[in-house]
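Readers should treat all values here as calculations from the given coordinates under stated rules, not as data from a laboratory. The model shown is predicted, which means the values in this text are computed figures rather than measured ones. Glycine also receives a Cβ, built like all others from the backbone with ideal geometry; neighbour counts cover every protein chain displayed.
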């Protein structure tokens, strides 16, 4: 069936370019333009497929147990992990989570630069970096990240309403993209985007993270917030007309996984199902952590976008 | 029992061991400033232990003090318990001080049409030919003098007892006072001779914090005196909830007595100044919030503070003065304004009456801001009202250096966007002690315009300036250096204070928006915004709009109603026909329960931003802020 639903929306989603190829001044093998949508996902099958990002970290101490258990042997550092990810799982981008900065009194800023450089060397994919979440170290951490990735058009996260200046300053100084995260509320999302604009960040350098609750544990709020953000944007609200990123990491720690006899399979199902739902709600980037999730999620997304339903089956 | 001596006045009281210093202070008659009701939360009841033994956990409450203060024996009176005889120093700012109270009102004219009349009568003495009773003779005389027919006049027993002697001793030359009461008339006094010129009335604004009394000559309508004082119930808790909680523990009789006492004291002061005998006050009209009037009438209001928040009575009430302990003419009439709900009381009905907003098809928005706010939207056709909690921030509570509008309070502030240096003025030009509500709104607007804070109220600590510093708990902006302050500390505003202020303003603006949505109107449909209460007179309206306390309209559309409650009470005192209007207004109001309005939280979040998440609702403010931003970025 192919019919066009009529609508009178005037707005569209900003396009944001992530990653930079050699021609664009970086060293990535590819760059992506996300956003640009003019209606709801699937409404007229006009939207772009979301990008899949595989998330790695530099200190697995706070990484979900189920993910640690599923890690392939022989990975000793973020660089080899990134290389494994790119080669084996074939995501569209890599997200490096600098979990080492979440330790109390972390101050090893030199190693942050080194880690970022090594990961950039180990993968040719565009890089998303999740930095610190402590105002005491934020400034230093984000400057190191920004500096190490200069020219690469990194996606730097995460700006929040009570600590956005450091990450915004680094993104501005080194020409990166910024992730703006708010706790599942359309108004708070709009407010943070206004704050970021007032620090000088252009709208086409912001990606909204509406925060992804785990399926069964509040994801419905996320879904409806994402819908409201998209509706507002289509109706012409420029403050919300940015592409969205969804990272269903909370899905990996739900009770059903912890109590399961086969946690890894449950984790993959849960993370993938949450990510698929986010895609339907309009996410432009899906970030997953479990190595087992990437390929089935790709299959599911391809099937959804290309309409070939038979490929959608568990663990395909 | 241990004796507690309070310095510098050397008041001594004996209290049982284990009693708090606060209860000792109350026993000693000291009006201690207790915002939280004495539960260790507000840090306002600071005293200094000079000698003797007490028990106080100074680590637990250390946030309220500097190290130096702790060294000097600082303690919170409500959390310090007496062990032995002790001496306690009470700093001036710990006591409730004389407050700036608004007592001037709009220049409305009303007809002089009171509900009491005096009839001077020269009666014929009874004879065998004309042996009708004394009462009938008197009431016939009243009717002949133009008064109501005798059958409709009720004569209370205590007056019947006076009639035989007063009539005969005066040679049947008497003045009878008749009042209009529900269902008829009432004989309220009989005097010898002609006393028609001595007929007075009082209009009372019974507030949670203050009581304002207007004394008027009911034969001319003239104001003879205006007085105001604190509601003495404050010693039982600052806010209304803590008073109801106090009442629930058996304290309602005391609260009732304190309310009556406060009104009596104010009336007495006004009467003394005007040379009026309080016995010649025949009528008292009282406008107060629903809980206050319930308490004054001796009606238990405890059920009103719980879901589903039902008052005992909504309609206007009448009684006689002696029944509620008012010390005017004992049979004098008391008229209590009707209420709409638990939170929309007679004071708001009085505000509406005073504003005249129900007399025209133009739409008005009226806001009464205090710890709680009431918002009324409407015209001659329809009215919606709602009420909610603003929190004490706009009155200086929950703000580190917040204070009431007492002498020494910083009330006006401007901040130079280039140098970030403040200019301010204080009430009575005293040395600055703290910041009151109007000053706080100024600071918020000025810091926003100077880009020291962002629209979330976060202080930009990256600005290198001595006045901007990380602070012990929250980032802060130094308004007054210690050397220039009247207290031994820098007066600062912290990010937490700003957060509390934003929550207060967000709640108020969200309530306005909810009413506008219910009525299906936008800000451009509003003709006039009224500020009721003292607050409106002191705040900078431009700044109130800049921070988004109220919807944006042009500044000349914002009017101060002043003390609308007192104004409305005065109108009802002078013109009894206005009282009929009151019930009509009360019945017309559609009360919107914000707790039951799902969109309220959404509007609240949208409003918790300076001035609002949807900047297009504040176009003029936005243009001004853009200019400020350009100026700050390119000085």
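For the pair residue B:129 and residue B:620 in one chain, pulling the backbone fully straight at 0.36 nm per residue adds 168.3 nm over the alpha carbon distance.
Label-to-label distance for residue A:12 and residue B:254 is 7.2 nm, based on points extended 7 Å past Cα in the beta-carbon direction. Across the stretch B:558-629, Cα-Cα pairs more than 15 Å apart make up 74 percent of the total. The label point for residue A:69 and the one for residue B:313, both projected 7 Å from the Cα toward the Cβ, are 7.1 nm apart.
Computed from the Cα positions only, the extents of chain B along the three principal axes stand at 102, 66, 43 Å, in decreasing order.
Only Cα sites of the stretch A:18-307 enter the Debye sum here, all with the same form factor; the resulting log10 I(q)/I(0) across q = 0.10, 0.12, 0.16 1/Å is -0.48, -0.71, -1.37, listed in q order.
Max-minus-min Cα coordinates of the stretch B:504-629 on each principal axis give 55, 33, 24 Å, with the largest extent listed first. Footprinting exposure proxy ranking of B:494, B:545, fewest other C-beta atoms within 10 angstrom first, gives B:494, B:545. Look at the stretch B:602-611: the mean tally of other chain Cβ atoms within 10 Å of its residues' Cβ atoms is 3. Where both residues lie in chain B, what percent of DSSP beta bridges are antiparallel, nearest 5? Approximately 70 percent, going by the DSSP bridge assignments.
What shape does the stretch A:212-276 take by its C-alpha gyration tensor, where a ≥ b ≥ c are the square roots of the eigenvalues and a/c under 1.5 counts as rounded, a/b above b/c as prolate, and the rest as oblate?
It is prolate, given that a/c is not under 1.5 and a/b is the larger ratio.
Peptide A:159-170 shows a mean partner chain C-beta count of 2 within 10 Å per residue C-beta. Ordering B:354-362, B:175-183 by mean Cβ neighbour count within 10 Å, with the highest value first, yields B:175-183, B:354-362.
Taking every alpha-carbon pair within the stretch B:3-94, the share separated by more than 22 Å comes to 15 percent.
Once you order the gyration tensor axes a ≥ b ≥ c over the Cα atoms, which shape class does the stretch B:116-192 get: rounded for a/c under 1.5, otherwise prolate or oblate by comparing a/b with b/c?
Details: a/c = 1.65, a/b = 1.49, b/c = 1.10.
Because a/c hits 1.5 or more and a/b exceeds b/c, the stretch B:116-192 counts as prolate.
The gain in end-to-end length when the residue B:542 to residue B:421 segment is fully stretched comes to 41.5 nm, 0.36 nm per residue minus the alpha carbon separation. What does a probe at residue B:381 reach in the stretch B:525-539, counting residues whose amide N is under 17 Å from the point 7 Å along Cα→Cβ? Hits in the stretch B:525-539 for residue B:381 at 17 Å: B:525-528.
Averaging 1/r across all pairs of distinct Cα atoms in the stretch B:468-552 and inverting the result yields a Kirkwood radius of 15.5 Å. Set the Cα radius of gyration of the stretch A:1-130 against 2.2 N^0.38 Å, with N its number of residues, and you get 1.32. Counting only DSSP beta bridges whose two residues both lie in the protein assembly as shown, roughly 55 percent are antiparallel.
When peptides B:309-315, B:3-9, B:433-439, B:337-343 are ranked by their average number of other Cβ atoms within 10 Å per residue, the highest-first order is B:433-439, B:337-343, B:3-9, B:309-315. Stokes-Einstein diffusion coefficient for the stretch A:168-289 at 37 °C in a medium of 0.692 mPa s, Rh from the Kirkwood formula over Cα pairs: what value in µm²/s? Translational D for this selection: 219 µm²/s.
Exposure proxy check: B:45, A:57 ranked by fewest other beta carbons within 10 Å?
If I rank by nearby Cβ atoms, fewest first, I get A:57, B:45.
Calculated over the stretch B:393-501, the projected area of the Cα convex hull averaged across directions stands at 5.9 nm².
How would you classify the stretch B:526-586 from its alpha-carbon gyration tensor, with a ≥ b ≥ c the square roots of the eigenvalues: rounded for a/c under 1.5, else prolate if a/b is greater than b/c, otherwise oblate? Prolate, because a/c is 1.5 or more and a/b exceeds b/c. Taken along the Cα-to-beta-carbon direction at a fixed 7 Å, the label points for residue B:110 and residue A:23 span 8.2 nm. Counted over chain A, the DSSP beta bridges are approximately 15% antiparallel. Compared with the alpha-carbon gap, the fully stretched path from residue B:158 to residue B:17 is longer by 45.9 nm at 0.36 nm per residue.
Per residue of A:187-195, count partner chain C-beta atoms within 10 Å of its C-beta, then hand back the mean as an integer.
5
Shown for the protein assembly as shown is the translational diffusion coefficient from the Stokes-Einstein equation, using the Kirkwood radius over Cα pairs, a temperature of 4 °C and a viscosity of 1.567 mPa s: 40 µm²/s.
All distinct Cα pairs of the stretch B:427-585 go into the 1/r average, and the inverse of that average, the Kirkwood radius, is 18.3 Å.
Per the Cα gyration tensor, the stretch B:337-464 maps to an equivalent ellipsoid with semi-axes of 35, 17, 14 Å, ordered largest to smallest.
Cβ crowding within 10 Å ranks B:165, B:364, A:224 as B:165, A:224, B:364, fewest other Cβ atoms first.
When only Cα pairs below 8 angstrom with a gap of at least 6 residues are kept, the stretch B:393-501 shows a relative contact order of 26 percent.
Along its first, second and third principal axes, ordered by size, the stretch A:245-302 spans 32, 19, 15 Å in Cα coordinates. Peptides B:526-539, A:94-107, B:143-156 ranked from most to least packed give B:526-539, A:94-107, B:143-156, packing being the mean of other C-beta atoms within 10 angstrom over each peptide's residues.
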